[in-house]
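Heads up, the thing below is written out as structure tokens.
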Amino acid sequence: MKISYNWLKTLINIDLTPEQVDEYLTSSGLEVEGIEAFESIKGGLKGIVIGEVIEKEKHPDADKLSLTKVNVGGPELLSIVCGAPNVAAGQKVLIATVGAKLYPTTGEPFEIKKSKIRGAVSEGMICAEDEIGLGTGHDGILILPASAQVGMPAAEFYKLEQDYILEIGLTPNRADAASHYGVARDLAAILNCKNNTDTFKAEMHNILELPTASNLNKVEIVIENTEACKRYSGLVISGITVKPSPDWLKNYLTAIGLRPINNIVDITNFVLHDLGQPLHAFDLEKISGKKIVVKTGLENKKFTTLDGTERTLLADDLMICNDSEPMCLAGVFGGLESGVSDKTTSIFLEAAYFNPSHIRKSSKQHGLKTDSSFRFERGTDPEMTINALKRASALIFECAGGNLSMDIVDVYPQILEPFQVTFSYSNCQSLIGKEIDKNTIKHIITSLGITVTQEGNDGLLLSVPQYKTDVTREADVIEEVMRIYGYNNVEESTQIKFSANYADREKATTAENTAANLLAGFGFNETMGLSLTKESYYEDTTNLVKILNPLSSDLNVMRNTMLFGGLEALAYNINRKQADLKFFEFGKTYQKVEADFKYAETKHLTLLVTGRKYPENPYNENNKVNFVYLKACIESILNKLSINFKISELKDSNLSYGLSFTQKNKHLVSFGLVDKSICKKMDVSQEVFYADFNWDNVLSLVGKTKLEFTEIPKFPSVRRDLALLLDKQITYKELEELAYSTERKLLKSVNLFDIYEGDKLEAGKKSYALSFTLLDEDATLNDKQIDNVMQKLIKTYTEKLGASLR
């Protein structure tokens with residue numbers, strides 16, 4: 001938001017430099033992001049002075065050039081070659097001296113240099129108005145009145161406007177400061193607090209009583225949707241002349257980056273930036289039936305806005321209509337047919353208070369961002385409408401003439417009362433961390449426009465005006481006190497206080513840190529993804545939590561899996577030549593659990609691995625990350641947290657194959673190879689292995705299992721492997737259960753270390769590679785015992801599952 005330093009000084013009597021204003025505003029939370037000098041004419045006419053043509057003669061070698069001698073107030077006359085047909089001796093003209101940089105109305109800026117033109121020396125330039133940005137005329141040089149003083153700088157002669165523009169990074173909660181008056185109000189409170197005085201005050205100017213209305217024109221105002229439009233005020237001014245605005249008004253608007261249009265539109269823009277109240281002027285002749293209707297419910301109706309774009313209205317769009325058709329998208333953009341034009345002689349001028357949520361929805365749904373919507377979305381002052389109309393009317397009478405043909409009609413169905421907030425001095429001092437004098441606190445509160453309705457020994461009952469939309473609680477008032485008092489004025493505490501963590505929170509933090517440290521040791525990097533994501537990523541959208549008012553189509557739902565965000569991070573890195581990646585992320589997923597709008601949040605830990613395990617290890621032939629590597633990482637985490645687990649059927653449809661771990665009927669983690677179609681959709685061309693922990697379930701088991709140690713066996717164990725060709729529907733759980741039921745004594749563990757589902761296998765088949773660990777705790781196993789066990793396992797798998805050896 002741009003604030004003009006000169007404009008600000010018309011609202012508050014200050015003797016501060018722009019840099020001091022910057023310092024005070026930034027310290028109060030209105031951060032000034034930059035200060036820029038503004039000149040009503042670019043370049044400020046520097047190096048241009050008033051001169052008098054003393055002599056003029058024809059150039060001997062050019063028919064269209066003249067040789068002149070010009071007095072610019074220096075010790076000697078300047079020799080200047082001029083090509084203008086209207087140059088003559090005795091004229092007062094504008095001279096661009098050597099070294100001056102000119103900014104023409106059109107074209108690139110250029111510098112005046114001493115030169116020779118057709119053999120004649122030229123020590124400057126006699127200027128036309130378009131050559132120095134004063135206008136568009138180029139018929140000849142600009143001739144000044146005879147009273148112009150020779151040697152006077154052109155900037156002084158034209159009384160150029162010199163200003164400074166403060167760029168304020170306005171946060172969404174500071175709707176009260178979205179105007180010059182709002183900023184002046186804050187600045188007054190800061191200066192009063194600093195100087196312990198009530199001297200400084202932000203004042204609205206020209207809020208004059210309106211002249212008696214002729215009542216020749218009357219417009220009826222009807223609000224049909226009183227929830228969307230809380231207040232609507234308007235008046236009629238007739239007999240106006242639409243023409244360019246005066247220079248002072250143009251300069252103010254140009255300084256803050258607005259393009260002057262005509263006096264009526266410029267005045268509405270001026271009042272918006274002056275008082276923070278958006279206004280809109282309708283051509284009275286375009287108001288059919290002389291009736292204004294404020295309503296919603298025009299779904300699917302076509303409406304053309306001022307930019308010439310035809311838009312389809314939505315059911316919630318709040319519209320300003322006449323008795324037959326819409327004229328304006330309320331608070332956002334006017335209609336093409338009802339705006340002020342050069343032929344307009346009478347206007348209906350509106351000022352309203354609209355529900356911020358309605359304006360925000362319309363603005364986002366139609367992709368329209370205007371100065372009006374910016375303020376209405378954040379909340380304007382419902383008590384400002386009448387003052388804004390009076391301020392604008394006074395300016396219209398001054399700049400466009402006319403007379404009041406309908407006095408203000410104010411439709412205000414239900415008055416919006418100030419917020420009532422109880423305030424405690426002790427709570428204030430406790431939150432701030434410093435004891436501030438009660439009178440100082442009270443002084444700050446009242447300086448901000450907040451009224452004290454009752455006062456006690458330790459507290460106040462406050463009436464907070466509606467324009468302070470973010471001040472509705474005691475903590476908000478304390479924040480207001482703190483920012484005006486100054487954060488830098490609160491000293492660092494000399495005490496260190498410590499609050500013991502709640503046990504469950506400490507357990508959760510410890511477990512998370514344990515897992516994170518372990519993964520970091522394995523070479524993983526932690527990522528942090530957005531909770532918002534694209535709806536188009538999901539095939540089934542029934543359980544998605546959708547955003548009612550999304551920032552964009554790319555961020556329109558809450559994620560119900562962390563896979564897509566992780567794949568986005570992989571794709572970003574792979575596209576930048578980083579193909580060997582190991583990521584982990586702690587975060588939450590969100591889903592609807594019932595049709596009656598109940599939602600669930602679940603904490604997760606996810607792992608993503610792709611590429612090589614050890615990028616700088618060319619001698620390791622089996623260096624690619626794979627299913628077994630990911631499984632080892634997962635087991636390390638669970639073992640480190642002392643959580644026992646069982647292998648069960650995979651529970652993640654995004655994976656081509658994989659496993660799940662469970663304990664006590666609780667799902668702990670699913671992991672495996674991400675489906676190729678998903679990788680392709682996310683622009684990832686290499687294999688990706690993914691693990692998804694239900695971290696809430698993991699935490700519920702932390703500390704529940706006592707860590708037990710067993711003696712190292714005296715006799716060696718033996719490992720044997722089998723590669724089995726199976727039907728695809730057979731799960732690892734079936735293989736594991738059959739193994740333990742077949743050999744109960746010697747079989748100590750079963751492990752799946754490879755899965756293959758490739759083109760070389762017949763349709764409907766897959767290959768599982770299993771390892772079996774055998775151990776006799778009383779003796780060393782011999783080959784016969786080992787072969788007997790393996791043959792029993794092979795027979796069982798063949799007979800019961802139809803397996804065959806590969």
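The values are calculated or read from the model by the stated rules, or taken from the named source; none is laboratory data. Worth saying up front: this structure is predicted, and the values here are computed from it rather than measured. Ideal geometry is used to build each Cβ from the backbone, glycine not excepted, and the neighbour counts take in all protein chains shown. With ligands, DNA and RNA removed, areas are computed over all heavy atoms of the protein, side chains included. Shrake-Rupley method; radii C 1.70, N 1.55, O 1.52, S 1.80 Å.
When you go through Asp721, Asp675, Asp692 one by one, which is the residue that is crowded, with 20+ Cβ neighbours inside 10 Å, at negative phi and modelled with pLDDT of 90 or more?
Details: Asp721 fails: crowded, with 20+ Cβ neighbours inside 10 Å; Asp675 fails: crowded, with 20+ Cβ neighbours inside 10 Å.
The unique qualifying residue is Asp692.
Can you spot a residue in the stretch 430-441 that is among the acidic types (Asp, Glu), under 20 Å from Asn488 (Cα atoms) and in a loop (DSSP other than H, G, I, E, B)?
Just the residues of the stretch 430-441 that are among the acidic types (Asp, Glu), to begin with: 435, 437.
Within this subset, residues satisfying the condition of being under 20 Å from Asn488 (Cα atoms) are 435, 437.
After this cut, where a residue has to be in a loop (DSSP other than H, G, I, E, B) as well, the list is 435, 437.
Looking for residues that are among the acidic types (Asp, Glu), under 20 Å from Asn488 (Cα atoms) and in a loop (DSSP other than H, G, I, E, B), one finds at least one in the stretch 430-441, hence yes.
Hey, can you tell me all the residues within the stretch 774-805 that are surrounded by fewer than 16 Cβ atoms within 10 Å (Cβ to Cβ), among the hydroxyl-bearing types (Ser, Thr, Tyr) and touching a residue at least 40 places away in the same chain (Cβ under 8 Å)?
Once the filter is applied, which keeps residues that are surrounded by fewer than 16 Cβ atoms within 10 Å (Cβ to Cβ), among the hydroxyl-bearing types (Ser, Thr, Tyr) and touching a residue at least 40 places away in the same chain (Cβ under 8 Å), the stretch 774-805 yields Thr780, Ser804.
I'd like the full set of residues that are within 21 Å of Lys704 (Cβ to Cβ) and free of Cβ contacts under 8 Å to residues at least 60 places away in the same chain, limited to the stretch 643-668.
Keep residues of the stretch 643-668 that are within 21 Å of Lys704 (Cβ to Cβ), which gives 643-648, 660-668.
Within the stretch 643-668, Phe645, Lys646, Ser660, Phe661, Thr662, Gln663, Lys664, Asn665, Lys666, His667, Leu668 meet the criteria.
So, in the stretch 724-756, of the ones that are open to solvent by 70 Å² or more (accessible area, probe 1.4 Å) and closer than 21 Å to Ala632 by Cβ, which residue ends up farthest from the chain's Cα centre (by Cα)?
Within the stretch 724-756, the first condition is being open to solvent by 70 Å² or more (accessible area, probe 1.4 Å), and the residues that meet it are 728-729, 733-734, 737, 740, 744-745, 748, 754, 756.
The next check asks that each one be closer than 21 Å to Ala632 by Cβ; those that pass are 733, 748, 754, 756.
Numbers: Lys733: 49, Lys748: 58, Asp754: 47, Tyr756: 47 Å.
Applying the filter and picking the extreme gives Lys748.
State the number of residues belonging to the stretch 80-91 that are open to solvent by less than 40 Å² (accessible area, probe 1.4 Å) and more than 58 Å from the chain's Cα centre (by Cα).
Kept after step one, since they are open to solvent by less than 40 Å² (accessible area, probe 1.4 Å), are these residues of the stretch 80-91: 80-82, 84, 87-88, 91.
Next, from what is left, pick out any that are more than 58 Å from the chain's Cα centre (by Cα): 88.
Looking only at that region, the number is 1.
Could you look through the stretch 277-298, keep only residues that are in a strand (DSSP E or B) and among the basic types (Lys, Arg), and pick out the one that is farthest from His180 (Cα to Cα)?
Kept after step one, since they are in a strand (DSSP E or B), are these residues of the stretch 277-298: 279-283, 291-295.
Those left that are additionally among the basic types (Lys, Arg): 291, 295.
On the way: Lys291: 33, Lys295: 31 Å.
Only one residue tops the list, namely Lys291.
Only one of these is touching a Pro at 6+ places or on another chain (Cβ under 8 Å), farther than 19 Å from Asn654 by Cβ and surrounded by 13 or more Cβ atoms within 10 Å (Cβ to Cβ): Asn556, Asn573. Name it.
Working: Asn573 fails: touching a Pro at 6+ places or on another chain (Cβ under 8 Å).
Result of the check over Asn556, Asn573: Asn556.
Mind telling me which of the residues Val557, Val545 ends up being modelled with pLDDT of 85 or more and in contact with a helix residue (DSSP H, G or I) (Cβ under 9 Å, 6 or more places away or on another chain)? Reasoning before the result, please.
Values: Val545 fails: in contact with a helix residue (DSSP H, G or I) (Cβ under 9 Å, 6 or more places away or on another chain).
None of the other options fit; the residue is Val557.
Listed residues Ala37, Ala62; which is farther than 30 Å from Thr171 by Cβ and not basic (Lys, Arg)?
On the way: Ala37 fails: farther than 30 Å from Thr171 by Cβ.
Criteria check complete, one pass: Ala62.
Collect the residues in the stretch 748-773 that are of a type outside the set (Val, Ile, Thr) and in contact with a helix residue (DSSP H, G or I) (Cβ under 6 Å, 6 or more places away or on another chain), keeping them in residue-number order. Spell out the reasoning first.
Going residue by residue through the stretch 748-773, those that are of a type outside the set (Val, Ile, Thr) are 748-749, 751-754, 756-772.
Leu752, Phe753 - these are the residues of the stretch 748-773 that are of a type outside the set (Val, Ile, Thr) and in contact with a helix residue (DSSP H, G or I) (Cβ under 6 Å, 6 or more places away or on another chain).
Is there a residue in the stretch 456-469 that is more than 28 Å from Val183 (Cα to Cα) and open to solvent by 70 Å² or more (accessible area, probe 1.4 Å)?
The answer is yes, given that some residue of the stretch 456-469 is more than 28 Å from Val183 (Cα to Cα) and open to solvent by 70 Å² or more (accessible area, probe 1.4 Å).
Is it true that Gly107 is part of a loop (DSSP other than H, G, I, E, B), out of contact with any Gly (no Cβ under 7 Å at 6 or more places or on another chain) and on the phi > 0 side of the Ramachandran plot? Show your work before the answer.
Numbers: part of a loop (DSSP other than H, G, I, E, B): yes; out of contact with any Gly (no Cβ under 7 Å at 6 or more places or on another chain): yes; on the phi > 0 side of the Ramachandran plot: yes.
Yes: the conditions hold for Gly107.
For the stretch 34-79: of the residues being of a type in the set (Lys, Arg) and outside any strand (DSSP E or B), which is most open to solvent (accessible area, probe 1.4 Å)? Steps first, please.
The initial filter retains those residues of the stretch 34-79 that are of a type in the set (Lys, Arg), namely 42, 46, 56, 58, 64, 69.
Now restrict to residues that are outside any strand (DSSP E or B): 42, 46, 64.
Numbers: Lys42: 144, Lys46: 135, Lys64: 175 Å².
So the residue we want is Lys64.
To keep it simple, each residue is scored yes or no on (1) part of a helix (DSSP H, G or I); (2) touching a Lys or Arg at 6+ places or on another chain (Cβ under 7 Å); (3) among the aliphatic types (A, V, I, L, M).
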position: Lys706; (1), (2), (3): no, no, no
position: Pro716; (1), (2), (3): no, no, no
position: Leu726; (1), (2), (3): no, yes, yes
position: Gln729; (1), (2), (3): no, no, no
position: Ser749; (1), (2), (3): no, no, no
position: Lys766; (1), (2), (3): no, yes, no
position: Leu781; (1), (2), (3): no, no, yes
position: Lys784; (1), (2), (3): yes, no, no
position: Met790; (1), (2), (3): yes, yes, yes
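For the stretch 492-528, give me each residue that is modelled with pLDDT of 85 or more and either in contact with a Ser or Thr (Cβ under 7 Å, 6 or more places away or on another chain) or part of a loop (DSSP other than H, G, I, E, B) (or both). Before the answer, list the steps.
If we filter the stretch 492-528 for residues that are modelled with pLDDT of 85 or more, which is where we start, we get 508-528.
Once the filter is applied, which keeps residues that are modelled with pLDDT of 85 or more and either in contact with a Ser or Thr (Cβ under 7 Å, 6 or more places away or on another chain) or part of a loop (DSSP other than H, G, I, E, B) (or both), the stretch 492-528 yields Leu518, Phe522, Gly523, Phe524, Thr527, Met528.
Looking at (1) part of a helix (DSSP H, G or I); (2) of a type in the set (Val, Ile, Thr); (3) in contact (Cβ under 8 Å) with a residue 40 or more places away in the chain, can you tell me which one Ile445 breaks?
So the condition that Ile445 fails would be (3).
Go through (1) open to solvent by less than 40 Å² (accessible area, probe 1.4 Å); (2) under 23 Å from Tyr158 (Cβ atoms) and name the single condition Thr10 misses.
Going through (1) open to solvent by less than 40 Å² (accessible area, probe 1.4 Å); (2) under 23 Å from Tyr158 (Cβ atoms) one by one, Thr10 breaks only (1).
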